[in-house]
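Have a look at the structure below, then the notes.
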Amino acid sequence: DTLINQIAAGEVIERPASALKEILENSIDAGATDITVQIDQGGLKLIRVADNGKGIARSDLPLALARHATSKISTQEDLLKITSLGFRGEALASIGAVSRLLLSSYHASDQHAWHIQAEGGHLVAPEPTARTQGTTLEIRDLFFNLPARRKFLKTEATEFAHCEEVYRRIALSHADIALSLQHNGKTRSHLHITDVNKRIAAVLGEEFSHTSAFVSESAADIRLQGRVALPAYSRATRDMQYFFVNGRYVRDKLVAHALREAYRDVLHLERHPAFVLYLEINPENVDVNVHPTKTEVRFRDARAIHQFIFHSINKVLATPSR
Ligand code: ADP
Ligand code: MG
């Protein structure tokens with residue numbers, strides 16, 4: 001079982017940033033409005049995420065670390081309309097199999113908080129602890145028992161940069177959550193709850209905000225919001241492309257193509273456009289169950305999505321009063 005978990009871990013957890021992504025998504029799924037992230041040595045030594053979400057009851061703590069145990073979907077129909085970020089129930093089991101993990105939580109149904117430990121997949125029975133409502137997950141010494149994979153990791157700075165990118169994507173897609181990020185004891189980001197426009201400025205900088213146009217287009221059961229850079233924006237690179245589908249960061253060829261075409265059509269711009277866009281569609285019209293790392297999606301009506309994005313962006317870029 002430990003071996004199976006280690007193998008599964010390799011699919012989902014490639015580096016500290018992938019563990020961070022999974023934990024942050026769990027905090028969001030738990031309804032947290034305040035999340036603090038502490039990272040030491042690029043996440044190789046420590047990744048600690050504390051949230052004020054609904055918590056995990058004592059009786060569910062061992063389940064949270066079990067493979068294929070998810071509290072988020074229970075029927076096949078649920079799989080067709082996923083609204084949570086997680087649904088596979090393998091992230092915590094995978095992380096627990098390849099690290100020293102401490103999960104502390106307080107859920108309103110218990111008298112007090114409990115924590116549970118796992119080391120290389122071996123669980124220690126829950127013990128009482130003290131904390132307010134919510135969950136804290138500490139991951140130490142990622143891949144300590146998989147030296148081959150640990151060797152594969154890059155420098156502390158590079159691994160932290162990947163963690164920061166994960167944090168940025170979460171921050172951009174959740175303006176309604178306060179977030180902070182520390183690295184080696186130094187605060188790198190502190191974000192208050194705000195609206196989308198202010199959050200984008202706080203995360204990507206004032207220059208982007210001043211040299212981009214606001215997008216807000218909707219049709220029958222689809223909505224596109226966000227900001228797209230205008231030609232005056234100086235920093236357009238491929239890493240300034242943030243696209244979210246129902247709050248989930250997505251890297252999609254179809255979407256990229258629609259945006260590129262819109263820029264080319266209106267501005268005759270060939271370079272990579274910079275954008276932060278949020279697409280909201282009926283969850284039944286998009287399949288997020290494509291790959292464990294979940295940055296791919298499949299749209300039920302790809303053509304219609306392409307056209308909607310193209311026309312929305314085309315219109316915004318072509319409007320003189322932008
Ligand atoms: P999934 O998110 O796919 O359900 P995970 O392995 O990421 O699977 O998490 C397992 C379970 O642990 C979740 O379904 C949830 O019930 C619980 N859990 C994990 N993290 C948190 C958290 N921060 N707050 C509340 N519950 C959590
Ligand atoms: Mg999860």
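The values are calculated or read from the model by the stated rules, or taken from the named source; none is laboratory data. For clarity, every value in this text was computed on a predicted model and none was experimentally measured. Note that each Cβ is placed from the backbone with ideal geometry, even for glycine, and that neighbours are counted across all protein chains shown.
What to note about this one:
- Annotation: Thr129 fulfils all but one of (1) at pLDDT 95 or above; (2) surrounded by 21 or more Cβ atoms within 10 Å (Cβ to Cβ); (3) among the hydroxyl-bearing types (Ser, Thr, Tyr); the unmet one is (2).
- Condition met for Ala201 (surrounded by 16 or more Cβ atoms within 10 Å (Cβ to Cβ) and in a helix (DSSP H, G or I)): yes
- Index of the failed condition, Ala148 passing every other in (1) in a helix (DSSP H, G or I); (2) out of contact with any helix residue (DSSP H, G or I) (no Cβ under 8 Å at 6 or more places or on another chain); (3) within 24 Å of Tyr249 (Cβ to Cβ); (4) among the hydrophobic types (A, V, I, L, M, F, W, C): (3)
- Flag if Ala213 is touching a residue at least 24 places away in the same chain (Cβ under 8 Å), surrounded by 15 or more Cβ atoms within 10 Å (Cβ to Cβ), assigned by TED's automatic domain parsing to the domain that holds Ala32 and not basic (Lys, Arg): no
- Segments classed as helices (runs of 4 or more DSSP H), wholly inside the stretch 6-99, with at least 2 members that are modelled with pLDDT of 70 or more and closer than 21 Å to Arg140 by Cα: 16-29, 61-64, 91-97
- Neighbours by Cβ (under 6 Å, 6+ apart or cross-chain): first from the stretch 256-282, of a type in the set (S, T, N, Q); second at pLDDT 85 or above and surrounded by fewer than 17 Cβ atoms within 10 Å (Cβ to Cβ): Asn282/Asp221
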